[in-house]
Amino acid sequence: MREIDSKFDGIILDIDGTIWNTAGLICVAWNRAIDITGFDVKKLNAQGLQKEFGKPMDVIAKDLWPELDDEKRNVLVANCLTEEQIELEKNTIDVCYEGVVETVKELSASQNFFVVSNCQAGYTEVMLEKTGLKPYIIDYEYFGRTGKGKAENIMLIKARNNLLNPVYVGDTQGDSDACFQAGIPFIWAAYGFGEVKNFYRKIDSFSQLKDVLE
């Protein structure tokens with residue numbers, strides 16, 4: 001890990017609404033999963049799905065399908081995650097926000113980058129491969145591996161990598177709340193999915209992160 005002479009010794013990134021927007025792809029995959037199960041639930045649209053991003057999958061499922069009992073909901077979730085992985089792996093469209101990959105590559109010469117997400121197992125790994133960011137991310141953690149919330153996973157990354165003053169970049173109030181719990185500053189990616197009340201700095205494009213770090 002690089003020795004950093006700046007105010008932050010680690011930049012921890014959220015995924016959805018910060019690095020990329022896969023709402024359209026996931027909507028296709030989850031609607032296919034609904035067809036596979038045959039359950040009588042409404043089909044999804046990308047705009048509605050975006051409002052759920054950032055939450056753990058079990059919470060999303062209860063929000064989307066409150067009419068299903070736990071057994072049926074678990075069946076649908078399993079199918080959703082299977083179809084989502086298939087859709088992401090076969091995707092050839094660039095769904096990254098403008099400037100993300102280029103900015104991370106540029107800043108990685110002098111900054112240490114990490115990822116923490118509420119996603120399921122396999123999602124972070126696919127993102128790293130598809131975006132080409134894998135060589136620039138030192139460590140990552142997510143709900144699907146630890147079963148822990150975002151604040152706890154931020155603290156795991158902080159402890160595991162001996163970070164003294166990291167900062168988190170995300171797009172939702174949930175991200176802001178997690179940073180408050182973890183005791184680290186929060187940079188709001190205002191181009192993402194959420195509205196945020198409390199933040200250290202706001203960026204309207206990912207490339208503006210360079211100005212924040214100067």
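The values are calculated or read from the model by the stated rules, or taken from the named source; none is laboratory data. All values reported here derive from a predicted model rather than from experimental measurement. So basically every Cβ, Gly included, is an ideal-geometry build from the backbone, and we count neighbours across all protein chains shown. Just the protein is used for accessible areas: all its heavy atoms, side chains included, with ligands, DNA and RNA removed. Shrake-Rupley method; radii C 1.70, N 1.55, O 1.52, S 1.80 Å.
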Within segment 83-100, which residues are surrounded by 15 or more Cβ atoms within 10 Å (Cβ to Cβ) and more than 16 Å from the chain's Cα centre (by Cα)?
83, 87, 91, 99
Residue within segment 125-141 that is farther than 19 Å from residue 55 by Cα, within 18 Å of the chain's Cα centre (by Cα) and part of a loop (DSSP other than H, G, I, E, B) present
yes
Positions within segment 85-124 being part of a loop (DSSP other than H, G, I, E, B) and among the charged types (D, E, K, R), in sequence order:
94, 98
Residue list for segment 186-197, restricted to those being touching a residue at least 24 places away in the same chain (Cβ under 8 Å) and either open to solvent by 30 Å² or more (accessible area, probe 1.4 Å) or acidic (Asp, Glu) (or both):
191, 193, 197
Go through the residues of segment 7-21 one by one and say whether even a single one is open to solvent by 50 Å² or more (accessible area, probe 1.4 Å), of a type in the set (A, V, I, L, M, F, W, C) and modelled with pLDDT of 95 or more.
no
Single residue of segment 150-184 satisfying the filter (touching a Lys or Arg at 6+ places or on another chain (Cβ under 8 Å) and in a loop (DSSP other than H, G, I, E, B)) that is nearest to residue 116 (Cα to Cα)
184
When (1) in contact with a Gly (Cβ under 8 Å, 6 or more places away or on another chain); (2) surrounded by fewer than 17 Cβ atoms within 10 Å (Cβ to Cβ) are applied to residue 147, the one that fails is (1)
Quick one: in segment 158-179, which of the residues that are in contact with a Pro (Cβ under 8 Å, 6 or more places away or on another chain) and over 16 Å from residue 209 (Cα atoms) is surrounded by the most Cβ atoms within 10 Å (Cβ to Cβ)?
179
Restricted to segment 198-214 and to residues being free of Cβ contacts under 8 Å to residues at least 60 places away in the same chain and surrounded by fewer than 18 Cβ atoms within 10 Å (Cβ to Cβ), the residue farthest from residue 21 (Cα to Cα) is 214
What are the residues in segment 119-131 that are free of Cβ contacts under 8 Å to residues at least 40 places away in the same chain and open to solvent by 30 Å² or more (accessible area, probe 1.4 Å), if any?
121, 125, 129
Could you please tell me which pairs satisfy a Cβ distance under 8 Å, a separation of 6+ or placement on different chains, a first residue in segment 14-41 that is in a helix (DSSP H, G or I), and a second residue that is among the aromatic types (Phe, Trp, Tyr) and surrounded by fewer than 16 Cβ atoms within 10 Å (Cβ to Cβ)?
none
Does residue 74 satisfy being polar (S, T, N, Q), open to solvent by 60 Å² or more (accessible area, probe 1.4 Å) and either modelled with pLDDT of 95 or more or part of a helix (DSSP H, G or I) (or both)?
yes
